[in-house]
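Okay, so here's the structure we're looking at.
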Amino acid sequence: MHRTLVSIIAFLFLTHSFAETFVLKSPDGKNRLTIKVGSELTYELQRHNKVVLDHSKIAVQWDNGLIMNKEQLTIKKVKRGDKKGSVKAIYGPSEKFSYAYNEVHLIFEEPYDLYFRIYNQGVAYKFVSRLNKREEEKPLKVIGEVSTFNFPGDPLIYYPQTKKFQNSFEENYLPLKRSAIPPKSLALTPALIKSESGPYLLISEANLRSYPGMFLKPTSTGLTAAFPKHVKKESQEFLGSLGMKMAVVSGMQVRRRDKFLADTHTDREFPWRVVMVADDAAGMANNNLIYALSPKLEVKRTNWIKPGKVAWDWYHAWKIPDTDFKPGINTETYKYYIDFAARNNFQYINLDEGWTHNKKLLEVNKDIDIENIVDYGKQKNVGVFIWMIWWVLDQEMEKYLDQFQKWGIAGIKVDFMDRDDQRVVDFMEKLAKEAAKRKILINYHGAYKPTGLAMAYPNIINREGLVGLENNKFSARCTPEHNLTLPFIRNVLGPMDYTPGAMRHVNPQKFRKNWKNPSAMSTRVAQLAMYVVYYGPLQMISDAPPYYPQEALEYLSEVPTTWDESICLAGEVGEFAVMARRKGRKWYIAGLTANQAKTFELDITKIPGSSSYNATIYKDGENLEDIQIEKRSIRRGVKMTIDMKPTGGFIVILE
């Protein structure tokens, strides 16, 4: 009997040792996180006492023998903590991002830690590999990582499906039931999930540094992370290597990968895995969790960093009607863009592909006098951005950047990374650091989604990584429905260079792609509204200058690109969105709708500030290229009804 009792006690002790449970609640009490450390490590998330993320396994395998299996999950110490505060931004959709969280820090007998935080806006966790004195300064390879996301039932997932790890990061967010996702498919992050119990989840990552980015694959119960492995060999695409000058065939292709994910070191933090949560779509658009988890500022002086608007050449293929010179890639054309920018308070122009040899950045087009253009811009207070392919810049980065600085270049548009393996993630951070030393801004195209690096290096002034307006040149993917997924998915993570401003509108049923004369499926007012609905510190003025009516130019000359406060007032994914943003004492409220007309009732009691305003209202006319402008007074307590036409929008400026 005594021996049996001892056995039972021993069994209970061992069971407890391998099945420890930790529970955390968010500061507002709406989210509940349960972490279990047993034969494996799992976590569960509840919202309003309903499970939205079921028991989901996490693990990391390192080449020093650590694999986080049941023999290596011995907790040495547990620390709990809480914190609240705010992150001050150099610029952003808001001047600061408030946060509050409760945290559990698990310190294992093995040399790694695990942090879990529960915020009002979601949950995040990260691994930390501790320096082991027996292996001091030893490199560490990450062999694999497990990060699963299991959902109750069969939720709707906005699944940005892609074919392979090397891609342009430009996919539509198409809604699919979990059970309908192709079994062997691959998807980008972020991905949005509408749980069966109601709340939305957005899966992504923060503080991605010297590590591959996260993709997703379907499982029978949800999604699981997938990562591009470390690059062993890369070479230029075949057609580009033969001498074809087109950038699209000059990319750097991965030919072979290693068997591990990352080649790193033993004393470092790994990226945050993030699941944002909100009760509705508007709440998700207001979620600032990625900003709260971003790295700290690493640029000492930032007063030279100037957000603004850019007169862009490539979208309309240099097709400028009614000029007394031959428009194209030449000095006279870019002086024309500078004059256009200066007249309308636009801070920059952009020289896109063609200003130089794609693979020899200092071999400038014979029709371009780059120093003349830059000097002319300085006389007009207009800076110059120049475009280039990433791997060409990377070959002699410091040499090229030194020359750009000597020329007086304001910024560089770096393109065709098309990867987020460790090699490219390292390149993008290295370039941000080197460019900041020379006071050069960066607009990343052909790039993965933001993970907070621009908070450390705010000279990363904008970023692509989405299906943007340029698609009107070569596809029909930039639909009104797609445009209404972006505020609730991609733009939640950080700035996006959608490049709005198309002034040539056609009905979606009549839309045809056109490389040289592109049109858009959204009205002129909708295109203007995008400068408020979408956040991007560097906003393109995309169409040819003569196509902008005077009322559009007056609006574009004053609309800000960074904000002191932002509030999504209402919206549904793929249907409509209404965003309010403040700069100083002036509010800009803008709405977009997809293919259905929408009536929105504006109640300024939801807008912090004055009891009454003078309002300037922009609406679509009967002809959907018309811009109607109305001025009126509006006071607190009186609601304003605004009708949006299909594929249209509105803007209300309150002063």
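The values are calculated or read from the model by the stated rules, or taken from the named source; none is laboratory data. Quantities reported herein were computed from a predicted structural model and do not represent experimental measurements. As a convention, Cβ positions derive from the backbone with ideal geometry for all residues, glycine included, and neighbour counts pool all protein chains shown. Side chains included, ligands, DNA and RNA excluded: accessible areas come from the protein's heavy atoms. Shrake-Rupley method; radii C 1.70, N 1.55, O 1.52, S 1.80 Å.
Cβ-Cβ distance of Asn595 and Lys516, R₀ of 25 Å, FRET efficiency by 1/(1 + (r/R0)^6): the value works out to about 0.40. Working ranking of peptides 297-309, 455-467 by packing, defined as the average number of other Cβ atoms within 10 Å per residue, highest first, is 455-467, 297-309. The mean sequence distance of close C-alpha pairs (under 8 Å, at least 6 residues apart), as a share of the length of the chain, puts its relative contact order at 11 percent. For region 330-448, the solvent-accessible area with a 1.4 angstrom probe is 35 square angstrom per residue. Here region 569-621 exposes an accessible surface that is 41 percent carbon and sulfur, computed with a 1.4 Å probe and the other protein chains kept in place. Starting from the Kirkwood radius over alpha-carbon pairs of region 487-556, derive D by Stokes-Einstein at 25 °C in a medium of 0.890 mPa s and give it in µm² s⁻¹. So the translational diffusion coefficient is about 189 µm²/s. Counting charges near Lys25 (Lys, Arg +1; Asp, Glu -1) among other residues having Cβ under 15 Å from its Cβ returns a value of +4.
Spatially, region 506-531 and region 248-291 are offset by 32 Å when compared through their Cα centroids.
Working from label points 7 Å from Cα in the Cα-to-Cβ sense, the Thr74 to Val146 distance is 2.0 nm. The radius of gyration of the Cα set in region 519-655, together with its Dmax, comes out at 14.0, 42 angstrom. With Cα atoms defining each centre, region 64-100 and region 389-465 are spaced 27 Å apart in the structure.
The Cα-based radius of gyration and maximum Cα-Cα distance (Dmax) for region 141-206 are 12.8, 40 Å.
Global dimensions of region 398-543 from alpha-carbon coordinates: Rg and Dmax equal 16.4, 50 Å. For region 577-627, the Kirkwood hydrodynamic radius comes to 13.0 Å, computed from all pairs of different C-alpha atoms.
Share of carbon and sulfur in the accessible area of region 123-281 stands at 54%, probe radius 1.4 Å. Net charge of the neighbourhood of Thr593, taken over other residues with C-beta under 11 Å away and scored Lys/Arg +1, Asp/Glu -1, is -3.
With q set to 0.18, 0.20 Å⁻¹, the log10 of I(q)/I(0) for region 532-612, from the Debye formula over equal scatterers at the Cα positions, is -0.93, -1.08.
Backbone N atoms of region 270-297 closer than 18 Å to the 7 Å Cα→Cβ label point of Lys30 belong to residues 275-292. Within the shell defined by Cβ-Cβ distances under 12 Å, the residues around Tyr112 carry a net charge of -1, with Lys and Arg each +1 and Asp and Glu each -1. The Kirkwood radius of region 456-524, taken over pairs of alpha-carbon atoms, gives through the Stokes-Einstein law at 20 °C and 1.002 mPa s a diffusion coefficient of 166 µm² s⁻¹. The share of alpha-carbon pairs in the chain lying farther apart than 49 Å comes to 14%. Summed over qualifying helices (DSSP H, 4 residues or more, each -39500 (n - 2.57)) and divided by its residue number, the chain shows a 222 nm mean residue ellipticity of -5000 deg cm²/dmol.
Only Cα pairs under 8 Å and 6+ residues apart enter the sum, and on that basis the relative contact order of region 83-165 stands at 15 percent.
Sorted on the mean count of surrounding Cβ atoms within 10 Å across their residues, most packed first, peptides 543-549, 636-642 read 543-549, 636-642. Short-range pairs are left out: with C-alpha atoms under 8 Å and at least six residues apart, the relative contact order of region 137-186 is 36 percent.
Per residue, the accessible area of region 103-230 comes to 36 Å² when a 1.4 Å probe rolls over the protein heavy atoms. Residues in region 496-541 average 28 Å² of solvent-accessible surface per residue, probe 1.4 Å, ligands and nucleic acids excluded.
Extension gain, Asp267 to Asn303, is 9.6 nm, computed as 0.36 nm per intervening residue step minus the present C-alpha separation.
Here the Debye sum runs over all C-alpha atoms of region 241-366 as equal scatterers in vacuum, and log10 of I(q)/I(0) at q = 0.09, 0.16 Å⁻¹ comes out as -0.58, -1.07. Dipole size of region 77-207 about its Cα centre, with +1 on Lys/Arg Cβ and -1 on Asp/Glu Cβ: approximately 140 debye, rounded to the nearest 20. If you model region 19-124 as an ellipsoid using its alpha carbon gyration tensor, with each semi-axis the square root of five times an eigenvalue, the axes come out at 28, 18, 12 Å, biggest first.
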